[in-house]
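Read the figures in this text as sums done on the coordinates, not as results from a lab. Quick caveat, the model's predicted, so the values are computed rather than measured. So basically every Cβ, Gly included, is an ideal-geometry build from the backbone, and we count neighbours across all protein chains shown.
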Amino acid sequence: MVHAFLIHTLRAPKAEEGLCRVLYSCFFGAENSPDDPRPRGPERDRLLRKEQILATARQVESMWQLQQQACGRPGMDLQSQSSDEPVPLQEAPCGAFRLAAGDPFQEPRTVVWLAVLSLGFTLVLDAHENLLLAEGTLRLLARLLLDHLRLLVPGANFLLRADRIEGILTRFLPHGQLLFLNDQFVQGLEKEFSAAWPR
């Protein structure tokens, strides 16, 4: 099961200015913490989730930066590609890593990430999930979000497009469940989404 989906910024390796920012997040289900004696409430849960997603986004950014440095890729200008050019998602850097229990989630989790220019797309999964299926789903979600929402256009406002992001997640990641999808079924879901949310 997927526990969270994140869209966040990525800074080039050795970039000094700016911080990793979470632009959009969606949680599926609640984090269980029976060992925590402190009273739970909606505000405390919201702050805990905010801390968890920010810590995860920073770890993804660190992993991406290490991968860029290990591949010998210099700190490139992430905005150099025109937003009208197609983004080759099959060549986009991706990776996976495990989070130990308590760092930052109560249970062990697996994180799968995909870097597209200056954006990171991340899934937080159960530790035993199918990683190939998760990566395929993440690439599909990234392609749909980039195509339908034009997220790489300068001035794209995620807050005004949250309902469309949720519409895509509802169809292609219902309640956090990874789906085995064939091309024909994906095309049908895309048509359904396009009819419900014209561009």
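Ranking request for peptides 45-53, 108-116: highest mean number of other beta-carbon atoms within 10 Å first, then the rest in descending order.
The most tightly packed comes first, giving 108-116, 45-53.
Once amide H atoms are placed 1.01 Å from N in the peptide plane, what residues at a sequence separation of 5 or more from LEU99, or on another chain, have their amide H within under 5 Å of its amide H?
Residues meeting the criterion, in which the H sits 1.01 Å from N, are ARG109, THR110, VAL111.
Give me the number: length gained by fully extending ALA96 to ARG40, i.e. 0.36 nm times residue separation minus the C-alpha to C-alpha distance, one decimal in nm.
The ALA96-ARG40 span can extend by a further 17.0 nm.
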